[in-house]
Amino acid sequence: MCFGSVIVAGLKRRAIQVGIGLALIAGAAALLMGQIKLFPIGGQQLGIQGFRLVTAVVSNFAFGALQALGIGLYAPCMILVSLLGMSPLAAFPIMMGSCAFMMPVGGIRFIRGGTYHLRAAVGLALGGIPGVLAAAFLVRSLSLSALRWIVITVVVYAAIMMLRSARVGKDHAQNRRTEQP
């Protein structure tokens with residue numbers, strides 16, 4: 001994640017927003033196509049090896065960079081494990097393990113640079129406690145189909161908000177340029 005935060009810090013905001021928005025739409029589309037049985041998605045495996053394991057590790061490294069942008073890891077992780085033929089139930093422990101290693105390392109860079117909002121960080125940390133408890137006790141009782149629909153909805157919403165934000169930012173920048181003498 002520390003490496004991800006270095007990369008992210010050098011990118012333009014609009015490019016990040018458009019890229020992530022499109023990637024989220026692609027992931028949601030893949031999950032949706034699997035959900036409506038257009039192609040197989042998910043499986044029963046709880047572990048993988050070979051090329052699929054390498055793909056999972058590299059993808060989780062990329063998801064770590066997304067963490068530096070404030071993009072959650074659960075939905076992308078669930079999409080990834082489903083596409084790799086794993087049980088979607090494996091996504092939560094994989095996501096928790098990934099975050100346990102990524103967040104402290106990446107957070108150090110933001111703390112040292114003073115590029116974080118303390119009240120928001122405390123709010124997210126405190127809000128995470130009931131969030132994890134809800135996931136552990138409520139989400140696990142949902143059917144996989146219901147969980148996938150929830151993830152698809154959240155991912156599409158996040159994608160729309162990301163692309164909308166990029167569009168508003170572009171319009172705002174163009175208005176500033178036309179107003180200057």
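Rule-based calculations on the coordinates, nothing more; no lab input. Every value quoted in this text rests on a predicted model; they were computed, and no experiment measured them. Positions of Cβ are backbone-derived with ideal geometry, glycine not excepted, and every protein chain shown enters the neighbour counts.
Some observations on this one:
- Note on residue 145/residue 61: beta-carbon distance plugged into 1/(1 + (r/R0)^6) with R0 of 35 Å gives a FRET efficiency of 0.70.
- C-alpha long axis of helix 91-113 to longest principal axis of the chain, angle in °: 20 degrees
- Listed values for region 148-162 are Karplus-derived 3J(HN,Hα) couplings in whole Hz (6.51 cos²θ - 1.76 cosθ + 1.60, θ = phi - 60°), namely 5, 4, 5, 5, 4, 4, 5, 5, 5, 4, 4, 5, 4, 5, 5, and x replaces Gly and Pro.
- 3J(HN,Hα) along region 76-87, derived from phi through the Karplus expression 6.51 cos²θ - 1.76 cosθ + 1.60 where θ = phi - 60°, amounts to x, 5, 5, 4, 4, 5, 5, 5, 7, x, 8, 5 Hz, with x in place of Gly and Pro.
- Only DSSP H runs of four or more residues enter the estimate; each adds -39500 (n - 2.57), and after division by the residues of the chain the mean residue ellipticity at 222 nm equals -26000 deg cm²/dmol.
- Relative packing of 13-20, 116-123, which averages over residues the other C-beta atoms within 10 Å, highest first: 13-20, 116-123
- Other-chain or far-sequence residues with amide H under 5 Å of residue 45's (modelled H): 87
- For region 24-33, the Karplus equation 6.51 cos²θ - 1.76 cosθ + 1.60, evaluated at θ = phi - 60°, returns couplings of 5, 5, 4, x, 5, 5, 4, 5, 5, 4 Hz by residue, with Gly and Pro reported as x.
- Rounded to the nearest 20 debye, dipole of region 2-179 from Cβ charges on Lys, Arg, Asp, Glu: 420 debye
- GNM top mover of 11, 32, 144 - the chain, alpha-carbon springs below 10 Å: 11
- Contact order normalised by residue count of region 2-179, Cα under 8 Å, 6+ apart, percent: 37 percent
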